[in-house]
Protein chains: 2
Amino acid sequence: VVHVGLLGCGVVGSAVARAIERGTTDQRGPNGTSPPPRFEVTQVAVRDPAKRRDCSIPRHRFVTDPVKVAGDPGIDVVVEVMGGVEPAFDAITVALGSGKPVVTANKELLGTWGSELAEHSARGGVPLLYEAAVAGTVPIVRLLSDHLASDRIERIEGVLNGTSNFVLEQMELGLDADEALQRARDLGYAEADASRDLDGTDAADKLAILARIAFGEPVSTDDVHTLGIRSLSAPDLRDAVERGTRWRLLATAGRGGCLRVEPVPLPADHPLAALRGPESGVLVTAERAGTLLLRGAGAGGDPTAVSVMADLAVVLRCS
Amino acid sequence: VVHVGLLGCGVVGSAVARAIERGTTDQRGPNGTSPPPRFEVTQVAVRDPAKRRDCSIPRHRFVTDPVKVAGDPGIDVVVEVMGGVEPAFDAITVALGSGKPVVTANKELLGTWGSELAEHSARGGVPLLYEAAVAGTVPIVRLLSDHLASDRIERIEGVLNGTSNFVLEQMELGLDADEALQRARDLGYAEADASRDLDGTDAADKLAILARIAFGEPVSTDDVHTLGIRSLSAPDLRDAVERGTRWRLLATAGRGGCLRVEPVPLPADHPLAALRGPESGVLVTAERAGTLLLRGAGAGGDPTAVSVMADLAVVLRCS
């Protein structure tokens with residue numbers, strides 16, 4: 001049994017816990033033979049251990065100090081899905097420092113400190129994996145870091161923030177900005193505080209992560225020229241639809257060029273204009289592979305947990 | 001240095017040889033530290049060793065017997081890109097039997113004997129990888145076998161044959177079937193004998209491979225209800241476009257349901273109706289991840305070689 005220390009047990013964390021409970025990881029690996037690795041969530045660090053969670057981890061495994069869990073010798077792997085820079089940074093640093101592989105979905109942390117953490121991971125030879133940090137269930141990190149490793153990536157173009165995409169779509173359909181945001185909250189596509197979504201910062205975090213992998217440069221969220229969607233009005237969006245274009249919050253990065261997140265009027269038949277609601281999509285152009293498109297659920301507990309579970313399987317397979 | 005035995009040196013084989021010569025494999029792995037593994041094409045088996053090839057492998061490394069290369073103790077890994085069932089089957093069997101990992105792009109072989117070869121690979125614990133066998137550069141095999149391993153795949157829907165997709169598109173634009181096929185040949189999108197493309201057999205091979213991975217059942221090309229595109233006429237296709245639909249050769253498989261390859265009139269805004277020319281695209285629906293779309297170059301030497309190189313990197317990383 002591999003003992004997992006789970007940091008955070010919100011929408012994504014409880015979905016990971018449920019996936020681990022189902023215990024189906026890796027039953028269909030390339031060679032189909034090895035028995036599925038058994039994971040067990042041994043400790044969960046949360047702010048309020050008394051709160052009800054949507055999974056069946058026994059109450060006594062809940063604790064409050066993520067850094068302590070990360071350093072506990074009884075933990076083999078750390079899954080960090082608490083979000084935010086602190087105390088996640090400390091917890092991950094302690095985990096890597098004590099030789100524990102880390103799987104994280106924390107785009108804010110990786111956007112800001114991704115280069116430093118990757119270096120820490122590399123120095124110690126301890127895996128730090130983060131497929132779930134960008135575009136939910138869409139395996140864009142693996143595409144860039146593994147699949148295209150023999151190629152030269154030229155350009156990335158993506159719709160990376162599901163909340164703003166949903167809000168823009170709703171505004172095209174007739175809602176005003178506040179109504180659209182309220183609707184996103186009602187459906188669970190937006191948090192109470194959606195500033196990082198609407199201001200483009202969330203998309204900028206993700207773009208910085210992708211650009212760092214694709215171009216091998218130590219970029220961070222601060223390097224992204226970022227403009228959110230707040231300046232767009234519903235009538236503007238509807239006029240654009242009538243002219244055959246759809247405003248979308250587009251994140252773009254080119255090799256050697258600058259990183260941008262900004263609203264762009266896409267032709268209606270552009271593959272990224274077709275995303276529905278909270279979907280994410282990324283177009284990657286490489287010298288030999290040409291242009292690849294990946295599209296799928298960019299958020300949500302269960303879809304994001306699929307990416308976390310894939311990272312956990314990598315940790316196991318290659319350790 | 002890892003000694004590669006290359007079986008076949010046509011469009012894909014020479015692209016693999018060039019990629020190995022560039023030696024850039026895996027420089028951007030998740031942790032960025034390990035020096036790139038060095039591959040060397042030590043032997044190449046081809047029908048005619050005297051023929052000029054589009055790569056710089058020295059002439060003396062060319063031989064004629066693929067089975068002998070596969071069994072040679074000086075070879076560490078076998079890359080099979082010769083196509084066809086025989087002698088590829090024998091060569092791969094010999095390679096796996098002597099403990100050599102195999103990377104192949106051979107959809108015909110895997111469509112027919114995929115279950116048996118996968119079992120052979122599993123029995124001996126010797127990797128058999130075939131990302132390049134389905135949809136060229138599009139990492140659909142890895143999506144099903146690795147990324148969605150914790151999920152339950154419900155349905156696969158794909159346009160898996162670039163030649164027929166290109167031909168249909170050209171017919172929509174006004175060419176008749178023969179002109180469209182000739183154009184595909186001129187552009188290198190079709191072989192001299194395109195029967196397996198037009199009859200749907202090539203797409204059926206690929207669907208069988210994907211269904212076997214997704215649903216864990218030992219299906220083969222024979223299990224696919226297959227209808228090609230020969231019955232479609234240019235006027236029919238153009239009428240359909242005017243009614244807002246586009247005929248595409250669609251491959252579909254559902255869990256527990258039947259496997260089909262057949263022309264289907266897709267709504268113009270269907271993601272698979274938007275594929276351009278020889279592109280491939282696959283929609284995968286899983287219980288928790290939802291629906292994912294992957295799209296990209298479905299054929300061509302360089303794009304397919306990207307998938308071969310990714311498999312080679314996996315062989316190295318986990319051996």
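The values are calculated or read from the model by the stated rules, or taken from the named source; none is laboratory data. Just so it is clear, the model here is predicted, and its values are computed rather than measured. Positions of Cβ are generated from backbone atoms using ideal geometry, with glycine treated the same way; all protein chains shown enter the neighbour counts. Note: accessible area is taken over every heavy atom of the protein model, side chains too, but ligands, DNA and RNA are not part of it. Shrake-Rupley method; radii C 1.70, N 1.55, O 1.52, S 1.80 Å.
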(request) Please go through the range B:231-271 and write out the trypsin sites (Lys or Arg not before Pro) that DSSP classes as loop and that have at most 15 other C-beta atoms within 10 Å. (result) B:Arg243
(message) Under a Cβ-only charge scheme (Lys and Arg +1, Asp and Glu -1), can you give me the dipole magnitude of the range B:1-155 about the Cα centre, in debye to the nearest 20?
(response) 500 debye
(message) So the label point goes 7 Å from the Cα of B:His3 along Cα→C-beta, right? Which residues of the range B:47-61 then have their backbone N under 18 Å from it?
(response) B:57-61
(request) Rank-order B:77-86, B:178-187, A:115-124 by packing density, defined as the average count of other C-beta atoms within 10 Å over each peptide's residues, highest first. (result) B:77-86, A:115-124, B:178-187
(request) Evaluate peptide A:118-128: per residue, the Cβ atoms of other protein chains within 10 Å of its Cβ; return the mean as an integer. (result) 3
(request) Compare B:Arg230, A:Arg288 by solvent-accessible area with a 1.4 Å probe and give them largest first, with all protein chains kept in place. (result) B:Arg230, A:Arg288
(message) Give the separation of the Cα centroids, the range B:224-278 to the range B:57-93, in Å.
(response) 37 Å
(message) Just the number: Rg to Rh for the range A:208-270, Cα atoms, Kirkwood Rh, two decimals.
(response) 1.09
(request) One decimal, nm, shortest first: give the distances between the label point of A:Ala192 and those of the same position in the other copies, each label point 7 Å from Cα along Cα→Cβ. (result) 7.3
(request) Name the long-range amide H neighbours of A:Glu279: under 5 Å, sequence gap of 5 or more, or other chain; modelled H, no Pro or chain starts. (result) A:Gly298
(message) What's the magnitude of the charge dipole for chain A around its Cα centre, counting Lys and Arg as +1 and Asp and Glu as -1 at the beta-carbon? Answer in Debye, nearest 20.
(response) 900 debye
(request) Compute the label-point distances linking A:Val241 to its equivalents in the other copies; points lie 7 Å from Cα along Cα→Cβ; give nm, one decimal, shortest first. (result) 2.8
(request) Whenever you get a sec, compute what percent of the accessible area on the range A:1-151 sits on carbon and sulfur atoms (1.4 Å probe). (result) 53 percent
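Among DSSP bridges having both ends in chain B, what percentage is antiparallel? Round to the nearest 5.
55 percent
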(message) Just the number please: accessible area per residue for the range B:158-222, 1.4 Å probe, all protein chains included, in Å².
(response) 39 Å²
(request) Write down the radius of gyration of the range A:246-319 and its Dmax, each obtained from C-alpha positions, in Å. (result) 15.5, 46
(message) Students often forget the sequence filter, so: which lysines lie under 29 Å Cα-Cα from B:Lys107 once same-chain residues fewer than 8 apart are removed?
(response) B:Lys51, B:Lys68, B:Lys206
(request) Of the options A:Ala17, A:Ile153, A:Val284, report the single residue whose Cα projects farthest towards the positive end of the charge dipole of chain A (beta-carbon charges: Lys, Arg +1; Asp, Glu -1). (result) A:Ala17
(message) For a quick size check, give me the Cα extents of the range A:179-319 along its three principal axes, largest first, whole Å.
(response) 54, 36, 29
(message) Averaged over its residues, how many other protein chain Cβ atoms are within 10 Å of peptide A:299-311's Cβ atoms?
(response) 4
(request) Could you grab the relative contact order for the range A:7-153? Cα pairs under 8 Å, six or more apart, rounded to a whole percent. (result) 18 percent
(message) Based on alpha-carbon atoms only, what is the radius of gyration of the range A:87-141 relative to the globular estimate 2.2 N^0.38 Å?
(response) 1.06
(request) From the P(r) of chain A, can you give the percent of Cα pairs sitting at distances over 38 Å? (result) 14 percent
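Where nothing but the Cβ of Lys and Arg (+1) and of Asp and Glu (-1) is charged, how large is the charge dipole of the protein assembly as shown around its Cα centre, in debye to the nearest 20?
1060 debye
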(request) Please list the equivalent ellipsoid semi-axes of the range B:138-243, computed as the square roots of five times the alpha-carbon gyration tensor eigenvalues, in descending order and whole angstrom. (result) 30, 15, 13
(message) Over 13 Å apart: what share of the alpha carbon pairs of the range B:164-209 falls there, rounded to a whole percent?
(response) 54 percent
(message) For chain B, what does the helix formula give at 222 nm: sum of -39500 (n - 2.57) over DSSP H segments with n ≥ 4, over the residue count, nearest 500 deg cm²/dmol?
(response) -10500 deg cm²/dmol
(message) Defining a contact as two alpha carbons under 8 Å apart and six or more residues distant in sequence, what relative contact order in percent does chain A show?
(response) 20 percent
(message) For the range B:120-257, what does the relative contact order come out to in percent, with C-alpha contacts under 8 Å and a separation of six or more?
(response) 32 percent
(message) I need the fraction of alpha carbon pairs in the range A:258-298 separated by more than 15 Å, rounded to a whole percent.
(response) 54 percent
(message) Could you order the peptides A:144-156, B:296-308 from most to least packed, using the average number of other C-beta atoms within 10 Å per residue?
(response) B:296-308, A:144-156
(message) Using Cα springs under 10 Å in a Gaussian network model of chain A, which residue among A:Ala289, A:Ala45, A:Ala253 shows the largest mean-square fluctuation?
(response) A:Ala289
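Taking each residue in A:279-289, count the Cβ atoms of any other chain within 10 Å of its Cβ, then average. What number comes out?
Rounded to a whole number, the mean comes out at 4.
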(message) Ignoring solvent entirely, what values of log10 I(q)/I(0) come out of the Debye formula for the range A:28-160 at 0.13, 0.14, 0.16, 0.22 Å⁻¹ when each Cα is a single scatterer?
(response) -0.66, -0.76, -0.96, -1.41
(request) Counting residues in the protein assembly as shown as N, plug N into 2.2 N^0.38 Å and put the Cα Rg over that result. (result) 0.95
(request) With no solvent and one equal point scatterer placed on each C-alpha of the range A:279-318, evaluate the Debye formula and give log10 I(q)/I(0) for q = 0.26, 0.36 Å⁻¹, two decimals. (result) -0.83, -1.05
(message) Students often get this wrong: which residues of the range A:54-94 have the backbone nitrogen under 17 Å from the point 7 angstrom along Cα-to-C-beta of A:Ser195?
(response) A:84-86
